[in-house]
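Enquirer: Below: one structure in structure tokens.
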Amino acid sequence: MKIVYLPGDGIGPEVTDVCRAIIQKLTAQAGVNLQTEDHDFGGIAIDNHGDPLPKATLEACQDSDAVFLGAVGGPKWDKGGPRPEAGLLGLRKALGLFANLRPVAVQKGMEHLSPLKTERVAGADILIIRELTGGMYFGEKKEGDEVASDLCIYSKEEVERVARVAFEAARKRRGLVTSIDKANVLASSRLWRKTVVALHEAEYSDVKLTHELVDAAAMKLIQAPTYYDVILTENLFGDILSDEASVIPGSIGLLGSASLGSGGPGLFEPIHGSAPDIAGQDKANPLGAVNSVSLMLRHGLDMPEAADRVDAAIAGALKDGETTPDLGGYLTCSQLGEALLARV
Ligand code: NAD
Ligand code: IPM
Ligand code: MN
């Protein structure tokens with residue numbers, strides 16, 4: 001089994017190191033022959049190779065069973081020239097990763113970690129499914145000093161394939177899909193809604209489907225998070241709503257993600273960025289990355305028992321108050337990593 005690590009920039013390498021040790025231990029426990037490779041990606045790849053996604057990095061990812069990413073970006077590469085984020089978009093596109101799963105759950109007894117009221121967040125368990133290779137991120141761009149534009153474009157086929165992932169997921173959960181769009185204004189959202197409705201009628205009428213406009217949904221997500229089961233939404237809305245949703249369990253440092261396509265290697269990464277404000281200080285919360293390890297074991301490597309152990313280790317650490325400063329705790333990133341390693 002081959003895992004490619006892309007530690008990236010800022011806190012990326014710090015949280016990846018925690019995950020590396022956990023994966024090493026779990027695969028050894030399971031008797032799996034693990035090969036790993038590290039590759040430059042993002043800002044560090046611009047520095048070393050002039051390209052955020054060098055050919056050797058992409059080829060290694062294509063030739064792997066799963067790709068694990070820390071984070072990319074930072075102020076150093078914000079001053080013109082190639083951008084680290086372009087490497088991430090290029091990798092998602094090249095691997096065909098159209099469905100990005102971002103689970104958001106409040107563990108029983110852990111409601112106090114949220115800045116929101118306990119009674120509002122208790123029991124919240126949401127799976128955000130964000131379309132990842134279309135929309136405004138990939139439509140034609142016109143850069144300019146006076147006028148600039150980003151085209152938001154979706155095809156029926158792009159909507160249908162990600163909607164299918166959402167309906168299938170809902171069948172294994174509580175059976176509700178909430179599709180979030182801006183169909184009162186955007187043509188791409190009207191196609192989105194029409195396509196989701198048609199697929200629902202044709203193949204998934206056992207699942208309950210509701211639609212919300214993204215502005216009202218952003219409000220309701222915080223006001224009544226327990227309403228939601230599976231949220232299905234387009235690329236940009238999903239990016240924004242998932243950062244917002246991270247305050248339901250308590251910190252952006254908690255959420256992991258799985259980016260999946262049709263059969264090739266998946267990409268597993270925390271939803272947060274490179275956090276330049278805390279990078280290099282051993283302060284980052286590694287749990288979002290570790291949650292991504294669980295997703296990788298479950299959805300990318302067919303190791304569900306190992307995934308369960310990771311979930312249990314995270315739950316145990318939170319229960320025993322083993323947290324980093326973003327959640328009011330005193331542990332460093334590496335101390336929490338050691339504590340998790342002992343638990344798996
Ligand atoms: P960010 O997610 O890096 O940070 C936002 C805030 O959350 C900061 O205050 C940061 O300290 C905090 N935070 C983030 N992760 C944390 C963690 N694990 N533990 C504790 N606190 C954490 O977002 P940003 O500051 O808007 O972006 C910084 C850079 O990261 C930008 O270059 C951006 O493009 C990039 N970015 C990359 C990814 C990715 O690689 N997938 C995702 C988002 C942003
Ligand atoms: C994320 C990030 C990326 C995105 C950026 C870094 C390209 O914010 O993974 O959520 O917008 O998809
Ligand atoms: Mn984001």
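Enquirer: Is there any pair linking a residue in segment 68-93 that is of a type in the set (D, E) to one that is part of a loop (DSSP other than H, G, I, E, B) and within 13 Å of ligand 3 (Cβ to nearest atom), with Cβ under 6 Å and at least six apart or on different chains, and which?
Expert: Pairs found: E85/G73.
Enquirer: Additional query: Among the residues that make up segment 266-275, is at least one of them within 16 Å of ligand 1 (Cβ to nearest atom), over 22 Å from the mean Cα position of the chain (by Cα) and of a type outside the set (S, T, Y)?
Expert: The answer is no; no qualifying residue exists.
For (1) crowded, with 17+ Cβ neighbours inside 10 Å; (2) in the same structural domain as I248 (by TED's automatic domain parsing); (3) under 18 Å from the mean Cα position of the chain (by Cα); (4) within 20 Å of S257 (Cβ to Cβ), each residue gets a yes or a no:
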residue	(1), (2), (3), (4)
E119	no, yes, no, no
I129	yes, yes, yes, yes
L132	yes, yes, yes, yes
E143	no, yes, no, no
V162	yes, yes, yes, yes
L176	no, yes, no, no
K182	yes, yes, no, no
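Enquirer: Something else now. Answer yes if at least one residue in segment 230-240 is surrounded by fewer than 24 Cβ atoms within 10 Å (Cβ to Cβ), over 18 Å from the mean Cα position of the chain (by Cα), of a type outside the set (G, A, S) and within 30 Å of G337 (Cβ to Cβ), and no otherwise.
Expert: no
Enquirer: Kindly list, by first and then second residue, each pair from a residue in segment 267-282 that is under 18 Å from R92 (Cα atoms) to a residue that is more than 8 Å from ligand 1 (Cβ to nearest atom) and β-branched (V, I, T), limited to pairs with Cβ atoms under 8 Å and residues at least 6 apart or on different chains.
Expert: Pairs that qualify, where the first residue is under 18 Å from R92 (Cα atoms) and the partner is more than 8 Å from ligand 1 (Cβ to nearest atom) and β-branched (V, I, T), are L267/V67; F268/V67; F268/V293.
Enquirer: Return yes or no: is V67 of a type in the set (A, V, I, L, M, F, W, C), modelled with pLDDT of 95 or more and within 16 Å of ligand 3 (Cβ to nearest atom)?
Expert: So V67 does not fit the description; no.
Enquirer: I'd like to know if segment 211-218 contains one or more residues that are of a type outside the set (A, V, I, L, M, F, W, C), away from ligand 2 (no atom under 16 Å from the Cβ), without any contact (Cβ under 8 Å) to a residue 60 or more places away in the chain and surrounded by 15 or more Cβ atoms within 10 Å (Cβ to Cβ).
Expert: yes
Enquirer: Is it the case that some residue within segment 146-155 is acidic (D, E), more than 16 Å from ligand 1 (Cβ to nearest atom) and either closer than 22 Å to G135 by Cα or out of contact with any strand residue (DSSP E or B) (no Cβ under 7 Å at 6 or more places or on another chain) (or both)?
Expert: Initial filter on segment 146-155 (acidic (D, E)): 146, 150.
From what's left, more than 16 Å from ligand 1 (Cβ to nearest atom): 146.
Filter once more, keeping what is either closer than 22 Å to G135 by Cα or out of contact with any strand residue (DSSP E or B) (no Cβ under 7 Å at 6 or more places or on another chain) (or both): 146.
Checked against the condition, which is being acidic (D, E), more than 16 Å from ligand 1 (Cβ to nearest atom) and either closer than 22 Å to G135 by Cα or out of contact with any strand residue (DSSP E or B) (no Cβ under 7 Å at 6 or more places or on another chain) (or both), segment 146-155 yields at least one hit.
Enquirer: Of the residues that make up segment 223-241, is at least one hydroxyl-bearing (S, T, Y), over 21 Å from V106 (Cβ atoms), part of a strand (DSSP E or B) and within 16 Å of ligand 2 (Cβ to nearest atom)?
Expert: no
Enquirer: Any idea which of (1) buried (at least 20 other Cβ atoms within 10 Å of the Cβ); (2) more than 15 Å from R20 (Cα to Cα); (3) away from ligand 3 (no atom under 14 Å from the Cβ); (4) not hydroxyl-bearing (S, T, Y) is the one G263 doesn't satisfy?
Expert: Failing condition for G263: (1).
Enquirer: Okay, next question. Considering segment 293-342 alone, what residues qualify as being over 21 Å from T27 (Cβ atoms) and either modelled with pLDDT under 95 or basic (K, R) (or both)?
Expert: K319
Enquirer: Determine if segment 300-311 includes at least one residue that is surrounded by fewer than 22 Cβ atoms within 10 Å (Cβ to Cβ), within 15 Å of ligand 3 (Cβ to nearest atom) and more than 13 Å from the chain's Cα centre (by Cα).
Expert: No - not one qualifying residue is present in segment 300-311.
Enquirer: Follow-up question, since we're still on this one. Taking only segment 267-282 into account, find how many residues are within 12 Å of ligand 2 (Cβ to nearest atom) and among the polar types (S, T, N, Q).
Expert: Number satisfying all stated conditions: 1.
Enquirer: Taking only segment 267-292 into account, find how many residues are more than 14 Å from ligand 3 (Cβ to nearest atom), of a type in the set (G, A, S) and at positive phi.
Expert: Of the residues in that region, 1 qualify.
The values are calculated or read from the model by the stated rules, or taken from the named source; none is laboratory data. Keep in mind that what you see is a predicted model, and the values were worked out from it rather than measured. Cβ sites come from the backbone with ideal geometry, for glycine too, and all protein chains shown count toward neighbours.
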